[in-house]
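First comes the structure, then the notes that go with it.
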Amino acid sequence: MSSYEKPIYLNNGATSWPKPPEVAEAVAEALRSMPGEANRGGVADFDVFAEVRKELAELMGISCPSQIALGPNSTWGLNQAIFGYPLEPGDAVLSTRAEHNAVLRPLRVLEQKGIRVRKLPVDAVGRVSVSQWKQALEAAHPRLCILNHASNVTGAVNDVPALAGAAKEAGADFLLDVSQTLGCIPVELEQWKVDMAAFTGHKYLLGPQGTGGIYVREGLELTPHMVGGTGVMSDLKEMPREMPLHLEAGTGNEPSFHGLLAALRWRKQHPLDQKALSGRTRRLTDGLVKLGCRVILPGEPSTPVVSFVIPGVASSDAADILTGSYDIVLRSGLHCAPEIMEGIGMAGGTLRFSLSRFTTEEEVEQVLQAVRDVVESSI
């Protein structure tokens, strides 16, 4: 039984909690309201999807909100981008070994279809070397490059302006996974010359699960990965060509997008105190190092993720103790990014704390005391 009054939630890299109260209220109100008659239903006289696109466009540095197609999550967006991009057998794709399985597994499918896939190794904290990236571009001549903005394992943020710029100079299109950064650190897709970006709403945007999507720059047309009804132009035998209808088949998760809209508006009214969040992350990192833990130290820029192991204690065992005895919610294992583990020297996986704006200094101190207990009991 935990001695703490309430659980300590440090798994925001998986999904954020708590959410602003307005999020649940918006979802509930959408479910209570009578559907409208237009298109595929929805609250009468209000297009929540259009409003969400406007908010997201502002947040991501996009001038045309209609280039954002909304779907259930970033995995949907990544699959749409990877399988909808016009690749042919013999073409090359450049990515890294730090990617999430939402990229690694689609890349495996591409390999089976005759696409040449090259995955660059990363350094000891999970970053991509700009010089190695440029060398790989020259050697592989890829049509498409795929990169995560920040590692979900280490929190290391990649130099996207340099990497995307190099890809464009080499004649390749650039797909960015901003699942771990959107809502946490600045994202400027058009300024960075990003062609496509997949995002999710339930992490640092503080929205509900079941929300996400993809941005596709104007002039780039993907083959829809899923086809079906759009509520309009029903006489067409194929999906409409214009965005976002081109990629939005079927009824959207309207109640959850009402929740995401509420979260996006709440965030604008309550700006993230990045300095305070970074300070708490550093305090946790420094404390773990002093306890003798082996901690990945990505430096700046980084997200509020702390990945570590306790010498002599299996990560799964440590996680069970921290959760069962101290009511600390965290993540352990490979974090759906198995290929990064060799590069960071953590073949067996790690423990991962991922903080949020709601993590308090008191919680950080309680977590350090819990880890201290585990360390001392293992000696």
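Can you list residue pairs whose Cβ atoms sit under 9 Å apart, with the first residue in segment 245-257 being over 12 Å from Pro35 (Cβ atoms) and the second being surrounded by fewer than 20 Cβ atoms within 10 Å (Cβ to Cβ) and of a type in the set (Asp, Glu)? Count only pairs 6 or more apart in sequence or on different chains. From segment 245-257, the pairs are His246/Glu221; Phe257/Glu51. Before we move on, is Gln180 farther than 28 Å from Glu88 by Cα and surrounded by fewer than 21 Cβ atoms within 10 Å (Cβ to Cβ)? When the stated conditions are applied, Gln180 does not pass them. Here Trp133 clears all of (1) more than 25 Å from Phe353 (Cβ to Cβ); (2) buried (at least 24 other Cβ atoms within 10 Å of the Cβ) except the condition numbered (2).
Tell me, which helices (runs of 4 or more DSSP H) lie completely within segment 1-87 with 2 or more residues that are modelled with pLDDT under 95? Reasoning before the result, please.
On the way: elements: 21-32, 48-60, 74-84.
Filter on segment 1-87 gives 21-32.
Evaluation of Cys145 against the conditions (1) in contact (Cβ under 8 Å) with a residue 60 or more places away in the chain; (2) buried (at least 24 other Cβ atoms within 10 Å of the Cβ) shows that the sole unmet condition is (1). For segment 333-348, a residue qualifies if it is crowded, with 21+ Cβ neighbours inside 10 Å and either on the phi > 0 side of the Ramachandran plot or hydroxyl-bearing (Ser, Thr, Tyr) (or both), and exactly one does: His335.
The values are calculated or read from the model by the stated rules, or taken from the named source; none is laboratory data. Fair warning: this is a prediction, and the values are worked out from it, not measured in the lab. Because the Cβ atoms are built from the backbone with ideal geometry, glycine has one as well, and the counts that use them run over all protein chains shown.
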